[in-house]
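Novice: Could you have a look at this structure, given as structure tokens, before my questions?
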Amino acid sequence: MQEVSADPLIGSIVDGRYQVLSKVADGGMSTVYRAKDLRLGRHIALKILPARLANNAAFIAALGSEAASAASLSHPHVVQIHDHAVSPEHAYLVYEFIDGHTLRDVIKQRGPQSPRMALDLLDPVVEGLAAAHAAGIVHRDVKPENVLISRQGWVKIGDFGLSHAANTANLSGELLGSVHYIAPELALRRGSDARSDIYSAGIVLYELLTGRKPFAGTDREVVTAQARQDVPAPSLLVPGLPAVMDELVRYMTEKDPDHRPEDGAALLEDLRHIRQTLDAGELDFGSPSADATELTEVIAAPYDQASPGAGQPTGAIPADATTVIAATSFATSVMPLPAPLYPDVPDAGHGAAADPGTSAIPALGDGNSDDVPPARLSKRQSAALAKAERKQALKAASTPRTTLGPAHPRRRALLWTMLVVFLAVLAAAAGWFLGFGPGALAAVPDVHNKTVPQATELLRTAGFENVPTSDVFDEKVAEGFVVNTDPTAGESLRKFNAVTLLVSRGPVLFPIPQVAGGTLDAAKTALADGNLAVGSVTEQYDEKVPAGVVLSQDPAAGKEFRGNTAVNLLVSLGPKPIPVPAVTGMTQADAAAALQAVGLVPVVAPEQQNSLEVPAGSVLAQSPESGELKAGDTVTLTLSMGPKMIDVPSMVGKQVGAATAALEALGFKVSVENLLGGFFGTVRFQTPDGGQAPEGSTIVLKVV
């Protein structure tokens, strides 16, 4: 993926965790950014939903359910969902970041693909769908834009759940961008299941083979065609295409879902069978090259004809271009039939099973091969027949032609006597062996909690000489001592049999995992998976580590302890909150010093205001006035300009009442001094008289 354009969101941190680095793509239902997870330190794809969807409660509820289901799906050909949340500013999804491009880019740049390439690209997509269908998840929006190809050559399908969430919230209109791949049952509002994904995958296969979508026109016209018209055969646009590819597209895009493969697993089996049945010429039809590097060239296609950027020569593949190292292939091969178990026996023939009670060799008669018609014998049968005849001849040659006479009577009596004596000795030896010797029965003694030498001596005293040892873990018996025997104590056993000593290796020890640096929830999961327990959880403020992240652990990682050993955790509360000091009325310098002393940043507002009470240059107002902030946060200061200056009109010669009212209306205070009793009520003198004076200042009127 590459940056598309700048955006005001770039550089910001979403929900206090995801730092937006660049925009990747923009669509009707979301905008995708490349971002960094500040907690885990990894790059992710951040999908921000537009306000019209984020503010739709039904959509958000449905999306949460779909996201939870999709997040439970873990498969190498499915884009993993890491997170989903609704913050005060945004509703978003967090995906695994795939550094590469989409299948749409491949189709745009390379056009029609060979059957080999089309099947190789579709195979991992269908395998990902098969895993989703097995988990009860239906995609409902399979299209080339949702198939991502990484630098390492992984083909993955993403965006599970968005389409269904929009339909659930009655936002079907949002899906019009996918009408070229919509299944007929979805177009007719009849519901959907795994077979709807099969139909969409069939349209993708058609586009891979032809470079075009099967139906053109307005959205309404395309939807109508999807519901009523059969998808045309790809060979109409690509003459000479193997007929089985036409049949595969037709099978996947049947209007009746019951006539399609029932799910991704069934389709995957068909795809791989078809690929195995096609020969190299059919697989590489329409391809300029049939060597092993073709898939790499196809995956790299979006960069072959890209317009050169600044400083990049025309036709060069950019440094960050995505390539595929090797094709994802699961080809099935047919193993050769094994050689016959008895090579001397000829085949029983074709078309009838041999009777298990009879030989497969034809009747030999009197040894003359003419008994079997030569025209009916295969080369293998002829060779077997000749070999059987040779065996019969050798047997006949070894048979004596004369019969020996009867043996001498004395010799026969001697032989019988010797036989009886031998049998008697043999019976006596067997009686001793089974009654008193190594074959006699003995009870296995109890050697629990004995040392190996002690246990061995007890067993040999009981008659057992074969005493091997085997190590086992045990929580109670100390290391090096015997836990038990096999067979167990008390069982009767022939003395020549082995009695195995099960020697304790001590308790099972489990390594402490590294949980510092991860979240508290992740630490709890890792300890539980490692047969360990969570000990005390202590929290403290930290200026650099976000809240909820484990700062340290005790015991440290790598050491081994017994199961259920408690691991104590120190967890960050994030930066320590700072009470906002009151700096109103202070001079600008004093206010700035007071804020900086507690770790806050003073910012002076560009506009100042007049004030009768606060002198010019001092702080008239601050924002925020109180509360708590984090270190490095700003406090805005509004400075005073002092009182407002007002032109002073001359009131000399006017009656004192009118003059007073006029001056007070302008914002002045009036002081009246009577001369000679002020009998006439006329202003004779005024101080100040003319010029300007601060608002609220006193004008002295002297009245005669």
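Novice: Given a cut-off of under 8 Å on Cα pairs at least six residues apart, what relative contact order in percent is computed for the range 53-130?
Specialist: Averaging sequence separation for qualifying contacts and normalising by length gives 24 percent for the range 53-130.
Novice: Taking the Cβ of each residue in His139, His75, His101, His273 as the centre, tally the other Cβ atoms inside 10 Å and list the residues starting with the fewest.
Specialist: Fewest-to-most ranking of His139, His75, His101, His273: His273, His75, His101, His139.
Novice: Follow-up. Over 19 Å between Cα atoms, which of Lys476/Lys559; Lys47/Lys156; Lys544/Lys630; Lys36/Lys156 qualify?
Specialist: Flagged as over cut-off: Lys476/Lys559; Lys36/Lys156.
Novice: How big is the gap, in Å, between the Cα center of the range 511-584 and the Cα center of the range 34-65?
Specialist: Each part reduced to its Cα centre gives a spacing of 27 Å.
Novice: At a 10 angstrom cut-off on C-beta neighbours, averaged per residue, how do the peptides 675-684, 574-583, 417-426 rank from highest to lowest?
Specialist: Ranked from most to least packed, the peptides come out as 574-583, 675-684, 417-426.
Novice: Continuing with this model, one more query. Based on other C-beta atoms within 10 Å, arrange Phe97, Phe215 from fewest to most.
Specialist: The fewest-first ordering by Cβ neighbours comes to Phe215, Phe97.
Novice: Using the number of other C-beta atoms within 10 angstrom as an exposure proxy, rank His448, His133 with the fewest first.
Specialist: Fewest-to-most Cβ neighbours within 10 Å comes out as His448, His133.
Novice: Per-residue counts of other Cβ atoms within 10 Å, averaged by peptide: what ranking do you get for 619-629, 37-47, highest first?
Specialist: The most tightly packed comes first, giving 37-47, 619-629.
Novice: Which of the peptides 114-120, 274-280 is most tightly packed, and how do the rest follow, judged by the mean count of other Cβ atoms within 10 Å per residue?
Specialist: Packing proxy ranking, top to bottom: 114-120, 274-280.
Novice: Same structure, new question: Collect residues whose amide H, placed 1.01 Å from N in the peptide plane, falls under 5 Å from the amide H of Val635; neighbours closer than 5 in sequence don't count.
Specialist: Val601, Val603
Novice: When the C-alpha atoms of the range 1-141 are aligned to their principal axes, what extent does each axis show, in angstrom, from largest down?
Specialist: 49, 35, 30
Novice: What does the extension gain come out to for Leu675 and Asp521, with contour length at 0.36 nm per residue minus their alpha carbon separation?
Specialist: In short, 46.6 nm is gained.
Novice: By how many nm would the segment from Gln596 to Arg212 lengthen if fully extended, with 0.36 nm per residue of separation less the alpha-carbon distance?
Specialist: 131.8 nm
Novice: Only loop residues by DSSP count here, and only those with at most 16 other Cβ atoms within 10 Å; note down the GluC sites (Glu not before Pro) in the range 446-477 that meet that.
Specialist: Passing both the DSSP loop test and the Cβ count: Glu465, Glu475.
Taken together, the values in this text are just the output of simple stated rules run on the coordinates, not laboratory data. Since the model is a prediction, treat every value here as computed from it, not as a measurement. Ideal geometry is used to build each Cβ from the backbone, glycine not excepted, and the neighbour counts take in all protein chains shown.
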